[in-house]
Amino acid sequence: MKTRAAVIANDVSRDPRYLTTLGGTRSEMVVPVLLDGKVVGTIDVESDEINRFAAIDREFIETCATIVAGLWQ
């Protein structure tokens, strides 16, 4: 994740960045887990619904990523 920012593809069929892992995925969100400014992992959330993820979902998963990063220290 070059930008170290969350990526949301609310219609993976229209997003050239999407790499198919599960055939039924219609929306995907990938949030980096950052430690000292470096990406040490990601949290990947997928849905079978188009337009599934909103800002509140991103904020929640970013909070989870911050908690996970804190466990590494």
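The values are calculated or read from the model by the stated rules, or taken from the named source; none is laboratory data. Treat the numbers as computed from the prediction; the structure is a model and nothing was measured. Note that each Cβ is placed from the backbone with ideal geometry, even for glycine, and that neighbours are counted across all protein chains shown. Heads up: the accessible areas ignore ligands, DNA and RNA and are worked out on the full protein's heavy atoms, side chains in. Shrake-Rupley method; radii C 1.70, N 1.55, O 1.52, S 1.80 Å.
Scanning segment 18-28 for residues that are closer than 14 Å to residue 6 by Cα and of a type outside the set (D, E, K, R), we see that the one that is surrounded by the most Cβ atoms within 10 Å (Cβ to Cβ) is 27.
Does residue 61 satisfy being open to solvent by 100 Å² or more (accessible area, probe 1.4 Å), closer than 17 Å to residue 5 by Cβ and either in contact with a strand residue (DSSP E or B) (Cβ under 9 Å, 6 or more places away or on another chain) or at pLDDT 90 or above (or both)? Don't jump to the end; show me each part of the working.
Numbers: open to solvent by 100 Å² or more (accessible area, probe 1.4 Å): no; closer than 17 Å to residue 5 by Cβ: yes; either in contact with a strand residue (DSSP E or B) (Cβ under 9 Å, 6 or more places away or on another chain) or at pLDDT 90 or above (or both): yes.
Here the answer is no, as residue 61 does not meet what is asked.
If you go through segment 1-19 and keep only what is over 11 Å from residue 53 (Cβ atoms) and either assigned to a strand (DSSP E or B) or touching a helix residue (DSSP H, G or I) at 6+ places or on another chain (Cβ under 8 Å) (or both), you end up with just 18. Determine, yes or no, whether residue 39 is open to solvent by less than 70 Å² (accessible area, probe 1.4 Å), touching a Pro at 6+ places or on another chain (Cβ under 9 Å), among the aliphatic types (A, V, I, L, M) and touching a residue at least 24 places away in the same chain (Cβ under 8 Å). For residue 39, the condition - open to solvent by less than 70 Å² (accessible area, probe 1.4 Å), touching a Pro at 6+ places or on another chain (Cβ under 9 Å), among the aliphatic types (A, V, I, L, M) and touching a residue at least 24 places away in the same chain (Cβ under 8 Å) - is met. For residue 31, the criteria (1) open to solvent by 50 Å² or more (accessible area, probe 1.4 Å); (2) in a strand (DSSP E or B) hold in every case but one, which is (1).
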